[in-house]
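Values in this text are rule-based calculations from the coordinates and carry no lab data. Being a predicted model, the structure only gives us computed values, none of them experimental. Here Cβ is always computed from backbone atoms with ideal geometry, including for glycine, and neighbour counts include all displayed protein chains.
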Amino acid sequence: MKQVELLKRQATEQLVHEVDVGIHVVDIEGTTIIYNQKMAQIEGMNQHDVLDKKLVDVFSFDKNEDSTLLQVLKHGEPIKNAKQTYYNHHGQEITTINNTIPIMDDRKRIGAMEIARDVTKLEKLLRENMNRRSDTHYTFDSIIGSSAALTEVIEASKRATRTSSSVLIIGDTGTGKELFAQSIHNGSNRSSAPFISQNCAALPDSLIEGILFGTKKGAFTGAIDRPGLFEQANGGTLLLDEINSLNPALQAKLLRVIQEKTVRRVGDTKDKKVDIRILATMNEDPIDAISEGRLRKDLYYRLSVVTLFIPPLRNRKEDIRELAYTFVEKYNHLFGLNVTKIEDRVLQVFMQYDWPGNVRELEHIIEGALNVITFEDTISYNHLPLHFRKKTHSKPELAKTANPNITEITDIQPLDKYMEEIETLYLKQALQQYNHNITKTAKALGMSRQNLQYRLKKLGIQRDGSSGPM
């Protein structure tokens, strides 16, 4: 009998990690006790960063929307097919469709389980399969910044508009590679012809070949005569994003198209001439990609006739102020606001931060700040998204800039204890600023009312800002 029970337990544990859906289980206190590999993949996390941690300590939820897991814990009612957008502790946005149910033991609620599907990737896949001409409204005038590093790349890009040579654009995620690609297209004599963009990492190999090269009716079950992106971009420009994501066989076929200027549909025996300019992007060093087998050397040489290296934001921080105010103007218009200023200490934090998400991350931070502003005309540190404030508070030099009341570190103590002291101080100050109004304080902090109440209780902070049991 013991052997049967052991077999059942082992089979269940293996099944949890083999299924192609995310599984997340928390106990009645909101602490994660089961977190499968698929869920970690969906949320961009390591399992050890989530297991045995409080849900609200790892993830943050926007627009005062509480977690579906916490809702089920609180009310005990299942939630079916709920779409939810939230952020992991890296600040990455996640969108899932959740089925969440309470876990009961003899009518007593002891936890909750969530089964999640990643619809962010699904929606992206559907969008990029539409095979339509991209909206190419970016020009060189759209590129914000006057730093020497950026100006040098802009000038090289402008020179590239004079020819039809292939261009390889290299840069970290969020640096604006497609913006440069569109600017090159719109500045060339192909500007009136199609500009088509395809993310090579967004599609499985079984789909990408037919999408790029087209299909012939009868090539496989359900195949129809359909032109690929090379034919659709004829006379214009084709942008292949994350070219290093293509498998070697498709890279070889792509190389042949570029060399021969002809394309053959999947299942066809005839070649068709095409006149296109190829632009390609990568978010890693091509030498590393070649040495590790992700990029063919011959394809690299063919694509890199012109090579552009887009500088990361950390290497052109003198552009941050201009970029930030540009994004403020953009979202003022979209949200009907009249924000005119960014506090100096906010700009100081921006200047000291490393910006792993680059310009895109900066834009998201500004957008998030303007989402919580009501009638104010100035972005203060309290308006910045919670996940960003958490990251800046985790670094002493940024935390001190953000909050001048934080004293210089003299004695090293355990990080958890230090972070708890900083959070306690910050929440007390926030409560005081908003006259101990929980709703207003939670909104300014960018968290739900329930989340704030939970953290106050956890840290032993009274609503009046004093410490002690609540």
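Would you kindly derive the ³J(HN,Hα) couplings of the range 444-454 from the backbone phi angles with the Karplus curve 6.51 cos²θ - 1.76 cosθ + 1.60 (θ = phi - 60°), listing them in order in whole Hz, with x for Gly and Pro?
Per residue, the Karplus-derived 3J(HN,Hα) values read 5, 7, x, 9, 6, 4, 5, 5, 4, 4, 4 Hz.
What stretch of the chain, leaving out the sites themselves, is the longest with no GluC sites (Glu not before Pro) in a DSSP loop having at most 11 other Cβ atoms within 10 Å?
30-291
Which of L431, I79, L6 sits closest to the plus end of the dipole of the chain, meaning its Cα is farthest towards the positive end, when Lys and Arg get +1 and Asp and Glu get -1 on the C-beta?
I79
Does anyone have the angle between helix 320-335 and the longest principal axis of the chain? Alpha-carbon axes, 0 to 90°, nearest 10?
80 degrees
Against the longest principal axis of the chain, how steep is helix 177-186, in degrees 0 to 90 to the nearest 10, with axes from Cα atoms?
40 degrees
How much length would be gained if the chain were fully extended between Q92 and H436, taking 0.36 nm per residue of separation minus their Cα-Cα distance, in nm to one decimal?
120.8 nm
Loop-only trypsin sites (Lys or Arg not before Pro) in the range 34-119, please: DSSP not H, G, I, E or B, and at most 14 other Cβ atoms within 10 Å.
When the trypsin sites (Lys or Arg not before Pro) of the range 34-119 are filtered for loop state and at most 14 Cβ neighbours within 10 Å, K63, R107 remain.
How large is the charge dipole for the range 2-119, taken about the Cα centre, if only the Cβ atoms of Lys, Arg (+1) and Asp, Glu (-1) carry charge, to the nearest 20 debye?
Here the size comes out at about 340 debye.
DSSP loop trypsin sites (Lys or Arg not before Pro) in the range 155-229 with at most 15 other Cβ atoms within 10 Å of their Cβ, which ones?
Details: sites: K158, R159, R162, K177, R190, K216, K217; in loops: R162, R190, K216, K217.
Counting only loop positions with at most 15 other Cβ atoms within 10 Å, the trypsin sites (Lys or Arg not before Pro) in the range 155-229 are R162, K217.
Shape of the range 129-311 from its Cα gyration tensor (a ≥ b ≥ c, root eigenvalues): rounded if a/c is under 1.5, otherwise prolate when a/b > b/c, or oblate?
prolate
What full-extension length gain, to one decimal in nm, is calculated for R314 and E423 as 0.36 nm per residue of separation minus the Cα-Cα distance?
36.5 nm
What order do you get for S165, S183, S188 when you list them from fewest to most C-beta neighbours inside 10 Å?
S165, S188, S183
At 7 Å along the Cα-to-beta-carbon direction for both R109 and K270, put a label point, then send me their distance in nm to one decimal.
A separation of 6.7 nm, rounded to one decimal place.
State the three equivalent ellipsoid semi-axes of the range 138-232, derived from the C-alpha gyration tensor as the square roots of 5 times its eigenvalues, in descending order and whole Å.
Working from the Cα gyration tensor, I get semi-axes of 33, 16, 9 Å.
Classify the range 254-404 as rounded, prolate or oblate from the Cα gyration tensor: take a ≥ b ≥ c as the square roots of its eigenvalues, call it rounded if a/c is under 1.5, otherwise prolate when a/b beats b/c and oblate if not.
prolate
Would you count, across the range 2-119, every pair of lysines whose alpha carbons are under 20 angstrom apart, provided the pair is eight or more residues apart or spans two chains?
10
Please label the shape of the range 3-65 as rounded, prolate or oblate, based on the square roots a ≥ b ≥ c of the eigenvalues of the alpha-carbon gyration tensor (a/c under 1.5 means rounded; beyond that, a/b larger than b/c means prolate, else oblate).
Because a/c hits 1.5 or more and a/b exceeds b/c, the range 3-65 counts as prolate.
Whole-Hz Karplus ³J(HN,Hα) for the range 146-162, in order, using 6.51 cos²θ - 1.76 cosθ + 1.60 and θ = phi - 60°, x for Gly and Pro?
Computed from phi, the couplings for the range 146-162 are 10, 5, 4, 4, 6, 4, 4, 5, 4, 5, 5, 5, 5, 5, 6, 6, 7 Hz.
Would you mind getting me the FRET efficiency between S146 and R9? Use the beta-carbon distance for r and R0 = 56 Å, nearest 0.05.
Working from the Cβ atoms, E equals 0.35.
Would you please give the residues with an amide H less than 5 Å from that of V266, counting only those at least 5 places away or on a separate chain, with H modeled from the backbone geometry?
HN-HN under 5 Å from V266: G214, T215, K216.
Please check the chain for the longest run free of chymotrypsin sites (Phe, Trp or Tyr not before Pro) that are loop-located per DSSP (anything but H, G, I, E, B) and have at most 15 other Cβ atoms within 10 Å.
With a cap of 15 other Cβ atoms within 10 Å, the longest stretch comes to 1-219.
State to the nearest 20 debye the size of the charge dipole of the range 129-311 about its Cα centre, where the only charges are +1 on K and R beta carbons and -1 on D and E beta carbons. Don't jump to the answer; show the numbers that get you there.
Working: 23 positive and 21 negative charges, 191 e Å.
The calculation lands at about 920 debye.
Over all alpha-carbon pairs of the range 1-120, lay out the pair-distance distribution in 5 Å bins, whole %, shortest bin first.
Values per bin, smallest distances first: 2, 12, 20, 25, 21, 11, 5, 3, 1, 0, 0.
Tabulate in residue order the Karplus-calculated ³J(HN,Hα) for the range 9-14, using 6.51 cos²θ - 1.76 cosθ + 1.60 with θ = phi - 60°, rounded to whole Hz; enter x for Gly and Pro.
Couplings: 5, 5, 5, 5, 4, 5 Hz.
Counting other beta carbons within 10 Å of each residue's own, what order do H383, H17, H75 fall into, fewest first? Could you put the intermediate results ahead of the total?
Values: H383 24, H17 15, H75 11.
Ranked by crowding around the Cβ, least crowded first: H75, H17, H383.
What dipole magnitude, in Debye to the nearest 20, does the range 273-354 give about its Cα centre under +1 on Lys/Arg Cβ and -1 on Asp/Glu Cβ?
The calculation lands at about 260 debye.
Between A201 and D27, what's the calculated FRET efficiency when r is the beta-carbon distance and R0 is 41 Å? Round to 0.05. Present the calculation step by step, with values, prior to reporting the outcome.
Details: r = 37 Å, r/R0 = 0.90.
Calculated value: 0.65.
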